[in-house]
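Can you read through this structure? Questions will come right after.
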Amino acid sequence: MYKIGLKRLFSLFNVDLELFIPVFHEWIQKDKISNHIMVDVADYKHIPDGPGIMLIAHEGNFSIDLENGEVGLQYIRKQPLKNDVINNIHEIKSILNQACNLLIDN
């Protein structure tokens, strides 16, 4: 099992998703997420309760997720990690924390 996703909720009510597009592009240009080959940014704002804005990477996808009206940063791992499930969850949480810190610093 290697498709694991975690989401960190935002404490914001009105999020302008458009603002995340240049942020995600900068992450690609400056290779901001370690151990990830980042490929593209996709705009899914038109999908209700959808992924909003998505950063596609070979290893996993980041998105400003809108599911159930709860806005947050979500990371879904697509490639297997070499650990057991518990350690994989910890590693995925670490990746998500890195991304959240990047958003805070922006």
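The values are calculated or read from the model by the stated rules, or taken from the named source; none is laboratory data. None of the values given here were measured: they were computed from a predicted structure. Note that we place each Cβ from the backbone using ideal geometry, even for glycine, and neighbour counts take in every protein chain shown. Heavy atoms of the whole protein, side chains included, go into the accessibility calculation; ligands, DNA and RNA do not. Shrake-Rupley method; radii C 1.70, N 1.55, O 1.52, S 1.80 Å.
So, for the range 1-53, what is the accessible surface per residue at a probe of 1.4 Å, expressed in square angstrom?
Result: 70 Å² of accessible area for each residue.
For the chain, which whole percent of the accessible surface, found with a 1.4 angstrom probe, sits on carbon and sulfur atoms?
Carbon and sulfur: 53 percent of the exposed surface of the chain.
Where does each of 24-33, 60-69 land if you order them by average Cβ count within 10 Å, highest first?
Ranked by mean Cβ neighbours within 10 Å, highest first: 60-69, 24-33.
Using only the Cα atoms of the range 43-94, what are the Rg and Dmax in Å?
Both quantities, over Cα of the range 43-94: 12.5, 37 Å.
Nearest 10 degrees, 0 to 90: what angle lies between the long axis of helix 85-105 and the longest principal axis of the chain (Cα atoms)?
Long axis of 85-105 versus the principal axis of the chain: about 40 degrees.
Can you list the aspartates and glutamates whose alpha carbon sits under 14 Å from that of K82, skipping same-chain ones fewer than 8 residues off?
K82 reaches E59, E91.
Here is a follow-up. Determine the dipole magnitude for the chain: charges of +1 sit on the beta-carbon of Lys and Arg, -1 on that of Asp and Glu, nothing else is charged, the reference point is the Cα centre, and the result goes in debye to the nearest 20.
Result for the chain is approximately 360 debye, rounded to the nearest 20.
Work from the charge dipole of the chain (Cβ charges, +1 for Lys and Arg, -1 for Asp and Glu, about the Cα centre) and give the residue of I47, L81, I28 farthest towards its positive end.
Ranked along the dipole, the leading option is L81.
While we're on this one: What Rg and what Dmax come out for the chain when only alpha-carbon atoms are used, in angstroms?
When restricted to Cα atoms, the chain yields Rg and Dmax of 13.2, 38 Å.
Distance in nm between label sites at K45 and H90, each 7 Å beyond Cα in the beta-carbon direction?
4.0
Any chance you could give the angle, 0 to 90 degrees and rounded to 10, that helix 20-29 forms with the longest Cα principal axis of the chain?
Roughly 40 degrees between the two axes.
At 20 °C and 1.002 mPa s, grab the translational diffusion coefficient of the range 1-47 from Stokes-Einstein with a Kirkwood Rh over Cα pairs, rounded to a whole number in µm² per second.
My calculation gives 164 µm²/s for D.
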